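Structure first, commentary second.
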Amino acid sequence: MRKKMDWKDVRQLIGEKPIKVALVLGSGLGSVLPLEKVKEFSYDELVGFNETSVTGHQGKLIIGSVLETKVAVLSGRTHFYENGKPDTMRGPIEFLTKIGTSYLFLTNAAGSLKQNIPTGSLMVIKDHINFSGLNPLIGEKSEERFLNLTKAYNANMIDALLLAAKQNNIEVSQGVYAWFSGPSFETPAEIQALRILGADAVGMSTVPEVILGNFFGLKVAAISVITNMASGLSQETISHEQTKLIANSCEKKLEKLLISLLRKFK
Ligand code: HPA
């Protein structure tokens, strides 16, 4: 087998100039951007990247640009439920810091807990509830493990997302995202419990990356594509197929939003 590349090898291939903005594209959102590709690596070529086993997730690191903004795109992520490792995204997020990233935008698919956040809409995450009881920093030895998450979601990046939405007439709500480990979807009783706790949406990702991003000193923001009403809240079928289908159907809207957002970070 060929030797895997680490961040130094990749940096030699892409040049030393820092790639300030990074984007993680979630379920069914893998091809959301008109990227002028400079280089593309599949996760299995890179040190510290776990392979993704989820359909709708490509598992590629793409370095390129959108208009004039250089961006590193993680197309596909690994989830805790794929391998039982809460820190499964530690390698990729650390990698981003090594290539000079300061801003990390995360996307995901999520179920809505609120009637006013309907299927097919977008929700900017303003805070999260880590309902899984897991943490990617478990086992970390440094004092930095006692991470302050009071401002886990960067206010300026949230403002930039909201402005980009406004400028493009895209309706977005803001809300609290709860992380459930998955891979099974939630029960109606769990969703009722989450509603009482103050969550607006639920999903199986993102929270570990938000924690890791903050741990590595990145500024972080995240946006959910609402692919369904959560368990027990509607007659819709909840399935991975539905998640991919609705996520795909929202790609154009998300693309418009992200292009406009990235322009602000050139
Ligand atoms: N629950 C958890 N994760 C999800 C959902 C959901 O309803 N929809 C998309 N991802």
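The values are calculated or read from the model by the stated rules, or taken from the named source; none is laboratory data. Small disclaimer: the values here were computed from a predicted structure and weren't measured. Cβ sites come from the backbone with ideal geometry, for glycine too, and all protein chains shown count toward neighbours. Accessible surface is based on the protein model in full, side chains and every heavy atom, while ligands, DNA and RNA are left aside. Shrake-Rupley method; radii C 1.70, N 1.55, O 1.52, S 1.80 Å.
All of (1) at pLDDT below 95; (2) touching a strand residue (DSSP E or B) at 6+ places or on another chain (Cβ under 6 Å); (3) buried (at least 23 other Cβ atoms within 10 Å of the Cβ) hold for residue 78 with one exception: (2).
Residue count for the stretch 162-195 under the criterion of being within 16 Å of the ligand (Cβ to nearest atom) and of a type in the set (Asp, Glu): the result is 2. Among residues of the stretch 209-231 that are open to solvent by less than 10 Å² (accessible area, probe 1.4 Å) and within 16 Å of the ligand (Cβ to nearest atom), those with a Cβ under 7 angstrom from a residue that is of a type in the set (Phe, Trp, Tyr) and not in a helix (DSSP H, G or I), sequence gap 6+ or separate chain, pair up as 222/153; 224/177. The single condition from (1) within 10 Å of the ligand (Cβ to nearest atom); (2) open to solvent by 10 Å² or more (accessible area, probe 1.4 Å) that residue 198 fails is (1). Screening 136, 86 for residues that are touching a Pro at 6+ places or on another chain (Cβ under 6 Å), more than 14 Å from residue 213 (Cβ to Cβ), surrounded by 15 or more Cβ atoms within 10 Å (Cβ to Cβ) and modelled with pLDDT of 95 or more leaves exactly one candidate, 86. Taken over the stretch 12-37, residues that are of a type in the set (Ser, Thr, Tyr) and either open to solvent by less than 20 Å² (accessible area, probe 1.4 Å) or at pLDDT 85 or above (or both) amount to 1. The condition of being open to solvent by 10 Å² or more (accessible area, probe 1.4 Å) and within 30 Å of residue 133 (Cα to Cα) holds for residue 98.
Is it fair to say residue 206 is crowded, with 21+ Cβ neighbours inside 10 Å, within 15 Å of the ligand (Cβ to nearest atom) and modelled with pLDDT under 95? Against the criterion (crowded, with 21+ Cβ neighbours inside 10 Å, within 15 Å of the ligand (Cβ to nearest atom) and modelled with pLDDT under 95), residue 206 does not qualify.
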